[in-house]
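Colleague: The structure is given below, and queries will be raised subsequently.
What follows is calculated from the coordinates using simple rules that are stated; it is not laboratory data. Since the structure is predicted, the reported quantities are computational estimates derived from the model, not experimental observations. Using ideal geometry, Cβ is built from the backbone for each residue, glycine included, and neighbour counts are taken over all protein chains shown.
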Amino acid sequence: MARYKQFAFKQFGYFDIDATADAHALHPEFAGSVKVAFIAAGGSVTVDFKEYRLEQDALFFISSGQYYQIADNSRGTMIYYNRDFYCVAIHDKEVSCDGLLFHNVYEIPVIMLSDEQSAIMRSIIAEIKEEIAHDDSSMEEMLRILLKSIIIKATRIYKVQHNTSTDEAKQEVEFSRKFSQLVEWHYTKHHTVAEYAELLNMTPKALNKRITRYTDSTPNDIIKNRIILEAKRLLVHTDLSVKEIGYKLGYDDPSYFIRLFTNQTSSSPQNFRQHYQQTEAV
């Protein structure tokens with residue numbers, strides 16, 4: 001089943017993930033939307049070139065432009081909406097998920113659900129389906145409330161799963177979230193740890209110490225990984241030349257960009273593009 005609603009410039013829709021899901025994914029408003037995918041255990045999902053074979057139900061939070069594939073054997077529901085309907089950056093004080101569920105430069109935002117948590121999420125999704133089936137004047141706001149409920153509950157689960165029970169841990173999560181947001185906003189023009197340290201009013205050494213305290217990656221790793229991830233997305237989703245992608249990511253010297261990509265991925269940009277074109281053609 002699938003439903004789609006438009007409220008002026010605001011768009012919201014869903015479809016059940018099954019054998020006919022590809023047809024709904026071709027909807028003209030779908031490609032640039034933000035997506036929340038509930039996938040049942042037994043399914044398989046690839047997000048930003050990393051595959052997840054699910055042994056339990058899970059929620060995936062997929063921003064516009066992210067590379068993803070859902071295997072044919074997967075079942076669940078895909079909710080999608082545009083930023084005019086709900087923008088997590090603008091409403092961050094409400095849900096505190098920007099940099100965690102969305103625009104997370106540390107890891108792909110995947111929430112593995114217990115049976116109890118899954119039942120709650122299934123119930124909210126059922127409410128969304130019931131609400132969108134009726135043409136009520138309050139439908140838009142009710143859909144937004146239900147979407148926010150999923151995001152808030154998922155954010156709470158994320159924080160529990162990442163051990164944020166103490167005040168110190170909560171402060172570190174908020175700091176990491178702030179750094180994540182800064183990298184997401186500025187990675188096309190700021191490429192060095194010193195530039196982000198300046199934005200945070202601290203020294204590069206202090207920034208490195210604080211980030212590595214709770215993660216296995218250095219700030220430099222995180223910055224470079226975000227740049228390379230965007231390069232991969234552009235190679236797969238666009239026809240831009242390697243030179244044009246380098247310029248788009250802030251590199252005036254194409255040779256330097258190609259060396260950076262090759263060193264980070266053990267593949268040249270062109271070979272990477274060809275590999276995924278061949279994979280999708282199969």
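Colleague: Ranked highest first by the average count of other Cβ atoms within 10 Å around their residues, in what order do 66-79, 127-140, 242-255 fall?
Modeller: Per-residue mean Cβ counts within 10 Å order the peptides as 66-79, 242-255, 127-140.
Colleague: Among R259, R122, R273, which comes first, second and so on when ranked by fewest other beta-carbon atoms within 10 Å?
Modeller: Placing the least packed residue first, the sequence is R259, R122, R273.
Colleague: Determine, for Y14, Y86, the number of other Cβ atoms within 10 Å of each Cβ, and report the residues in order from fewest to most.
Modeller: Y86, Y14
Colleague: Can I ask one more? How high is the relative contact order of the stretch 167-281? Use alpha-carbon pairs under 8 Å, at least six apart in sequence, and give a whole percent.
Modeller: The normalised contact order for the stretch 167-281 reaches 20 percent.
Colleague: Taking 0.36 nm per intervening residue step and subtracting the Cα-Cα distance, what contour gain separates S241 from A194 on full extension?
Modeller: Extra length from S241 to A194 when fully extended: 13.9 nm.
Colleague: Express the relative contact order of the chain as a whole percentage, based on alpha carbon pairs under 8 Å and six or more residues apart in sequence.
Modeller: Averaging sequence separation for qualifying contacts and normalising by length gives 14 percent for the chain.
Colleague: Separate question: Specify whether the C-alpha gyration tensor of the stretch 132-282 places it in the rounded, prolate or oblate class, a ≥ b ≥ c being the square roots of the eigenvalues: rounded for a/c under 1.5, otherwise prolate if a/b is larger than b/c and oblate if not.
Modeller: Oblate, since a/c reaches 1.5 and b/c is not below a/b.
Colleague: With the contact rule set at Cα under 8 Å and sequence spacing of 6 or more, what percent relative contact order holds for the stretch 41-83?
Modeller: Contact order relative to length: 45 percent.
Colleague: For K243, what charge total do you get from the other residues with a beta carbon under 15 Å from its beta carbon, if Lys and Arg give +1 and Asp and Glu give -1?
Modeller: Residues near K243 contribute -1 overall.
Colleague: Also, I was wondering about something else. Hey, how many Å between the Cα centroid of the stretch 36-89 and the Cα centroid of the stretch 229-278?
Modeller: Answer, in whole Å: 25.
Colleague: Taking H as built 1.01 Å from N, whose amide H comes closer than 5 Å to the amide H of I17, not counting residues under 5 places away?
Modeller: Long-range HN contacts for I17: G76, T77, M78.
Colleague: Let me make sure I get this right: for the stretch 183-256, a, b and c are the square roots of the gyration tensor eigenvalues over alpha carbons, sorted descending. Under 1.5 in a/c it's rounded, otherwise prolate if a/b > b/c, else oblate. Which is it?
Modeller: Prolate, since a/c reaches 1.5 and a/b exceeds b/c.
Colleague: A further question on this structure: Counting every Cα pair in the chain, what percent are over 28 Å apart?
Modeller: The calculated P(r) of the chain puts 41 percent of pairs beyond 28 Å.
Colleague: Students often get this wrong, so check it: of K159/K205; K10/K129; K209/K248; K5/K148, which have C-alpha atoms separated by over 25 Å?
Modeller: K159/K205; K209/K248
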